[in-house]
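Everything below concerns the one structure shown next.
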Amino acid sequence: MTDELLIGLVSISDRASSGVYEDQGIPALREWFSAAMASPWRMEHRLIPDERAVIEQTLIELADTAGCHLVMTTGGTGPAPRDVTPEATLAVAHKVLPGFGEQMRQVSLKYVPTAILSRQVGVVRGKTLILNLPGQPKAIKETLDGIFAAVPYCIDLIGGPYVETNEAVIKAFRPKSAIRPK
Amino acid sequence: MTDELLIGLVSISDRASSGVYEDQGIPALREWFSAAMASPWRMEHRLIPDERAVIEQTLIELADTAGCHLVMTTGGTGPAPRDVTPEATLAVAHKVLPGFGEQMRQVSLKYVPTAILSRQVGVVRGKTLILNLPGQPKAIKETLDGIFAAVPYCIDLIGGPYVETNEAVIKAFRPKSAIRPK
Amino acid sequence: MTDELLIGLVSISDRASSGVYEDQGIPALREWFSAAMASPWRMEHRLIPDERAVIEQTLIELADTAGCHLVMTTGGTGPAPRDVTPEATLAVAHKVLPGFGEQMRQVSLKYVPTAILSRQVGVVRGKTLILNLPGQPKAIKETLDGIFAAVPYCIDLIGGPYVETNEAVIKAFRPKSAIRPK
């Protein structure tokens, strides 16, 4: 039996959190995971403004209290003054995984040259992997398609449940020695 | 009417600043911008030695006092002991944009394998985007050709003037919602 | 006459250093360098556990006391709690060369999508270049094949001996002005 993967989603947007417009990041993420996951999972979400202290507090709560194995943020990663998601994420990190930021930008660069303006990071806090995703539904899907193959093995390595995926959507990669027989 | 873009150029070289040889970075940059820009611009330049305190002071002066929207350095980004441009740039940064360094190295790697030795960074200080460019005219042109498409939108996001380019040289990219009608 | 290149190898592994299994990194590195080097070289090695303080102390000893021009670590760069090689390497660094980490991940990504989980870095400490390599022999060879072309010129720039390679294995790249006549 496989333990349930607990996923935390944090939509970071002044406008969405104040009700000016509807958040699009969380529905896009929910749809992607519904199609991609083949082992049990559950999702919690939060909708917060672009305030660094609030972001840090929310990430800590989802990791340490709620016990999420994977937390994904959407929004707030650009160069504008209110974009502080990466700073908040780095502030709560125990380990930085620079390959996630690099590869998320490389993936997005295939679609738009302004992908280099994104400051997304991937970090580990305790037993939680935290990834900054873009804010737009289309870019969220492109990014997950481009990097999620490495996420299940990362979750193995930090002590989370054994995640299995629907290979028609995304094929998880693990070294042979880490693959569990079905 | 579009406001004028104020560009600061900083050539960082012990030998050029002491008159041992002629700086080649600033003429190369002036030539590239003359061909590429379609909206009003003006350029200031400085020629300074590889001294970290002098570089920091010059970047701060160009950003905060002169009010430059875009500052570009040339030189001093390698692994040699006197190469301290990235350290000085990071020391005056409010936000780091790792995608610029990554992509500048990726672009240069198409030409020389030693591009991985460059430690170039891109940062934001207040309303100023600061980019470390290589020192050689050929490499400066290759780098600008490879990353400048994202610069006008970055300047929009940090509160600078709406920059328009000569599309025969470089086509600026903006999301549809950010494009102003002519 | 060319001075001898002094290479330090550090195999970082709890299991290998306690004798639970045989270290495979150092034999793989010795084999690669035997084939690749065309100028004089000598190799020292250390086998240590995944303890940050021990790693830092070993890197400092190899750089400052033994006078190695090039130090390579293997192992300990992933997201698991005991993986602390990059933190130890950054802690003893005088200069970080982000291009090495980026390019080592790009190279490994051609083989496995989990390459983005590696947190490898390249740094300079005094006159020593320190590179974190993967732990598996196959991945070590792939990485060196992908990045070593830039290493001899880097060693020139930080004051080490002029390294020549066997071009059938790896062709060192230097700008024309840095190439010494045979």
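Taken over region A:110-164, the criterion of being within 14 Å of chain B (Cβ to nearest Cβ) and touching an Asp or Glu at 6+ places or on another chain (Cβ under 7 Å) is satisfied by A:Y111 alone.
For region C:13-48, the set of residues classified as of a type in the set (V, I, T) and at pLDDT 95 or above consists of C:I48 only. A single entry from A:A80, A:A93, A:A63 fulfils the requirement of being within 20 Å of A:V124 (Cβ to Cβ) and part of a loop (DSSP other than H, G, I, E, B): A:A93. Of the residues making up region A:107-117, not a single one is under 14 Å from the mean Cα position of the chain (by Cα) and buried (at least 19 other Cβ atoms within 10 Å of the Cβ).
Residues that are closer than 14 Å to B:L97 by Cβ, touching a residue at least 40 places away in the same chain (Cβ under 8 Å) and not in a loop (DSSP other than H, G, I, E, B) within region B:114-147 comprise B:R125, B:T128, B:L129, B:I130, B:L131, B:N132, B:I147, listed in sequence order. A:S34 meets all of the listed conditions (1) among the small types (G, A, S); (2) closer than 18 Å to A:I140 by Cα; (3) assigned to a helix (DSSP H, G or I); (4) in contact (Cβ under 8 Å) with a residue 12 or more places away in the chain but one, namely (4).
Being farther than 27 Å from C:G99 by Cα and either in contact with a helix residue (DSSP H, G or I) (Cβ under 6 Å, 6 or more places away or on another chain) or surrounded by fewer than 20 Cβ atoms within 10 Å (Cβ to Cβ) (or both) is a property that does not hold for B:P49. Taken over region B:125-137, the criterion of being more than 10 Å from the chain's Cα centre (by Cα) and either surrounded by 24 or more Cβ atoms within 10 Å (Cβ to Cβ) or at pLDDT below 95 (or both) is satisfied by B:T128, B:G135, B:Q136, B:P137. Number of residues in region C:47-60 that are part of a loop (DSSP other than H, G, I, E, B) and either away from every other protein chain (no Cβ under 14 Å) or closer than 22 Å to C:D3 by Cβ (or both): the value is 2.
The values are calculated or read from the model by the stated rules, or taken from the named source; none is laboratory data. A quick note: this is a predicted structure, and the numbers were derived from the prediction, not measured. When we count neighbours, we look across all protein chains shown, and the Cβ atoms used for this are built from the backbone with ideal geometry, even at glycine.
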